[in-house]
1. Output the residues belonging to segment 65-91 that are over 19 Å from TYR140 (Cβ atoms), at pLDDT below 85 and surrounded by fewer than 17 Cβ atoms within 10 Å (Cβ to Cβ).
2. For ALA133, only one of the following conditions fails: (1) more than 16 Å from the chain's Cα centre (by Cα); (2) at pLDDT 95 or above. What is its number?
3. Hey, among the residues in segment 7-58 that are assigned to a helix (DSSP H, G or I) and of a type in the set (S, T, N, Q), which one's modelled with the lowest pLDDT?
4. For the condition at pLDDT 90 or above and in a helix (DSSP H, G or I), what is the one hit in VAL113, VAL122, VAL148, VAL155?
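The values are calculated or read from the model by the stated rules, or taken from the named source; none is laboratory data. Because the structure is predicted, anything quoted here is derived from the model rather than measured. Cβ sites come from the backbone with ideal geometry, for glycine too, and all protein chains shown count toward neighbours.
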Amino acid sequence: MASKAASEKKLASERYFRPEDQKEFRLAQLLLLLDIAKQANVTLNIERLGVLDFFSANPFLLVQPNDPEYRDLVLAGFSVKPLSYASPGHRFVTRRGRLQNDLAMLIAYGLVVPAADDGHRVYSISTSGADAASQLSSIYAGAYRSSVEIIAKKVRKVPEGKLQDFCRRWLQADPAMMDLLNL
């Protein structure tokens, strides 16, 4: 009986494959994001990195049909339909929860370097990380790079103290949920 349940669970997980559940996929996204941030001379602490990471993977939460970048994202291959039934707030929390572990792995591999800047821990891509990122050449990698560039322009304008309000507004999340999760 237990074998049948395990078999059904495996079939369901294969049928409903979500790339963001795969560690390698998330690590590659972070490398691409940090590579673009370095090229744009943007310093990223954990909060700003988490916001940029989430919204770059879900750009249509910020980019609306009347925005000039909307068409660029559609042409790059992004879909306006969410790939998950979870609300944006829940997806944000899930992704943010994985971010520290993913960063720790990239640091351990020598692909990301932590540093301190103005009393905050910041992260940047190492030379070997930039080399690895340059080898990511799939269609999705190109689309994700485009998304990071577009979203970075919007997120860059948000002052550090306003990031939490920015996320609440764009995620349309219940403030009680965001407070409960310490976001």
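1. The answer is TYR85, ALA86, SER87, HIS90.
2. Going through (1) more than 16 Å from the chain's Cα centre (by Cα); (2) at pLDDT 95 or above one by one, ALA133 breaks only (1).
3. Within segment 7-58, the first condition is being assigned to a helix (DSSP H, G or I), and the residues that meet it are 7-15, 19-21, 23-39, 46-57.
Subset that is of a type in the set (S, T, N, Q): 7, 13, 29, 39, 56.
Numbers: SER7: 65, SER13: 53, GLN29: 94, GLN39: 91, SER56: 90.
Per the stated criteria, the residue is SER13.
4. Result of the check over VAL113, VAL122, VAL148, VAL155: VAL148.
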